[in-house]
């Protein structure tokens, strides 16, 4: 047994929730310190930078809702990834699935005769299906031909990106767009309600929270949820238990990619009211959702918190762009560092400190 | 017509150069058992540092050396997190890609849009050196003791350790070597292929390099074929612009990657994927 001052260091198999939280917060704090070096290299005092970011996000009554708006797509895509990662399927394609959802719902909004009250629900259904369909090919390739899903889902992101570019420059280019590359604007009935005075399309947020809750229930109680957990944690045991990996992973991925598709619906129906350049539809939510899911450590409800945190980082990106004249890319620095510190600190989860000042005497006596 | 074909070949060779360098590096990292999904991030850092150093010193070769150093340092981070801290290799590589793209975007802002004064020609020594390296690295991997040590580290680290191999050291060296190769690949883009710096100029080439690693069956010689194939595909996507929508063409290499992976992977297992690829190794632990 090792000692650290008056503490004894012990190995644990399942860390307590409080310990997980403490380590996660410590990792985030360390990442923020490391990111401070970037500010410093940019000629900005890190403390001043963080003060400006705080004043421009959490402390600003008009800016704070932006965190919620950014969190909405992160939550939907992130909850989906929680499930995929639980099934040990490395879905890196949430970005493309999100875009596919945006495309499908745009198609419904602009070109379907569905009447007003049913239009938005139809768009969400189309978005879910669009996302799920986009995730289907890599899933089938992995299950049938053992094609590495990391590479294939990622390639599908690029295919989605250029497909959107093609649509907005070509067949779907708006008649009222005057040479700009985007579609016509959606009819009123295809736009999501906002919290007044903000850009928070609350129905998407509610949908995300509901989905997180449903998934938590499903993973804990339903048979399929149990099968996904077993398959992810111990594939050999899953085989002996007669769990069909094909069906299980296919369903898990359909949900995962579909949820990312829903995030795409929220962005076009809630914010832009048209399909536009892929880099504007998604600010990289699909990639950041990987952090949402990883930080949530497989717990769908925790993804609500982690999505809010990533939402804070994205809205900080806006502040850094406007107030500190830094490119928006700086959010990638934050995301990368947080992810590094998060996984780097995971080994600590298997240890715990126990307050045991008296043991020292016993130990020396032994020696 | 002949001239058309000749320029086509030259341009295709030019695009395949960075693909070859990056995938050769990745092959060595993965052969030692460590998958590094950070190729895109290491390449973009290499591109930025190569451009800045080449511009400031006036020597493109100095830029390439800086690119190698930048890529190697970035890989060192991945090595530390995934080998010493035994964190998930996939996630660590993704973090490296995010960090690299972010850092290059932030640090490179002032250098955007400036043409490089002393650029290297498109087909430079790097192309030939890349081909030579492919042969050399294949020889080392399959016909030397060092190669055997690397392969055994990736196949069965516990057995290698039992034979006195320092698994962690071998993995560190291979990952950092992969990083320097990816760095040079990025540097080639900014000092030779398109002598300037633009944010996000690697545009997915790093991911294609990872795909080449897979369907080359982790074999340096076959990577030459893969790189040439995708180089030709990228070039073709510029050439056909008069007939096909440009977006469809730019999508082509990525869509083809999926197709080729599907066609080559198949159910044929054991095509050279190192047995312990992606698994962290703790000395003396079971």
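Taking residue A:143 as the residue in question, decide whether it is under 19 Å from residue A:250 (Cα atoms), more than 10 Å from chain B (Cβ to nearest Cβ), surrounded by fewer than 21 Cβ atoms within 10 Å (Cβ to Cβ) and touching a residue at least 60 places away in the same chain (Cβ under 8 Å). Yes; evaluated as a whole, the condition is true for this residue. Which is buried (at least 16 other Cβ atoms within 10 Å of the Cβ), out of contact with any strand residue (DSSP E or B) (no Cβ under 7 Å at 6 or more places or on another chain), away from chain B (no Cβ under 14 Å) and outside any helix (DSSP H, G or I), of A:174, A:208? Result: A:174 is the single residue among A:174, A:208 that is buried (at least 16 other Cβ atoms within 10 Å of the Cβ), out of contact with any strand residue (DSSP E or B) (no Cβ under 7 Å at 6 or more places or on another chain), away from chain B (no Cβ under 14 Å) and outside any helix (DSSP H, G or I). One residue alone among B:237, B:152, B:190 is surrounded by fewer than 20 Cβ atoms within 10 Å (Cβ to Cβ) and over 21 Å from residue A:153 (Cβ atoms), and that residue is B:237. Return yes when residue B:93 is surrounded by fewer than 24 Cβ atoms within 10 Å (Cβ to Cβ) and in contact (Cβ under 8 Å) with a residue 24 or more places away in the chain and no when it is not. Criteria not met by residue B:93. Selection of segment B:104-126 for residues being within 14 Å of chain A (Cβ to nearest Cβ) and part of a loop (DSSP other than H, G, I, E, B) yields B:108, B:112, B:113. Within the bounds of segment A:317-339, is there any residue that is closer than 29 Å to residue A:10 by Cα, under 19 Å from the mean Cα position of the chain (by Cα), free of Cβ contacts under 8 Å to residues at least 60 places away in the same chain and within 13 Å of chain B (Cβ to nearest Cβ)? Among the residues of segment A:317-339, at least one is closer than 29 Å to residue A:10 by Cα, under 19 Å from the mean Cα position of the chain (by Cα), free of Cβ contacts under 8 Å to residues at least 60 places away in the same chain and within 13 Å of chain B (Cβ to nearest Cβ), which makes the answer yes.
Every residue, every condition in (1) over 19 Å from the mean Cα position of the chain (by Cα); (2) touching a residue at least 60 places away in the same chain (Cβ under 8 Å); (3) more than 21 Å from residue B:256 (Cβ to Cβ), yes or no:
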position	(1), (2), (3)
A:96	no, yes, no
A:102	no, yes, yes
A:155	no, no, no
A:159	yes, yes, no
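Residue selection: residue B:212 satisfies the criterion of being assigned to a helix (DSSP H, G or I), within 13 Å of chain A (Cβ to nearest Cβ), within 20 Å of the chain's Cα centre (by Cα) and more than 28 Å from residue A:167 (Cβ to Cβ).
Filter segment A:27-45 for residues that are more than 16 Å from residue B:103 (Cα to Cα) and part of a helix (DSSP H, G or I) and give the result. Correct list: A:27, A:28, A:29, A:30. Taken over segment B:218-256, the residue count meeting the criterion of being within 12 Å of residue B:23 (Cβ to Cβ) and either in a helix (DSSP H, G or I) or within 13 Å of chain A (Cβ to nearest Cβ) (or both) is 13. Within the option set B:47, B:67, being under 13 Å from the mean Cα position of the chain (by Cα), within 30 Å of residue B:167 (Cα to Cα) and either buried (at least 24 other Cβ atoms within 10 Å of the Cβ) or more than 14 Å from chain A (Cβ to nearest Cβ) (or both) holds for one residue only, B:67. Determine whether segment B:266-273 contains at least one residue that is within 26 Å of residue B:78 (Cβ to Cβ) and more than 13 Å from chain A (Cβ to nearest Cβ). Within segment B:266-273 (the criterion being within 26 Å of residue B:78 (Cβ to Cβ) and more than 13 Å from chain A (Cβ to nearest Cβ)), the answer is yes, since at least one residue qualifies. Here B:101, B:137, B:129 are screened, and the one residue that is surrounded by fewer than 22 Cβ atoms within 10 Å (Cβ to Cβ) and either in contact with a helix residue (DSSP H, G or I) (Cβ under 6 Å, 6 or more places away or on another chain) or part of a helix (DSSP H, G or I) (or both) is B:129.
Taking segment A:70-91 as the range and being surrounded by fewer than 24 Cβ atoms within 10 Å (Cβ to Cβ) and either at pLDDT 95 or above or on the phi > 0 side of the Ramachandran plot (or both) as the test, only A:88 passes. Among the residues of segment B:140-161, those identified as part of a helix (DSSP H, G or I) and in contact (Cβ under 8 Å) with a residue 24 or more places away in the chain are B:141, B:150, B:151, B:153, B:154, B:155, B:157, B:158, B:161.
The values are calculated or read from the model by the stated rules, or taken from the named source; none is laboratory data. What you see is a predicted model; the values in this text were computed from it and never measured. Virtual Cβ from ideal backbone geometry, glycine too; neighbours counted across all protein chains shown.
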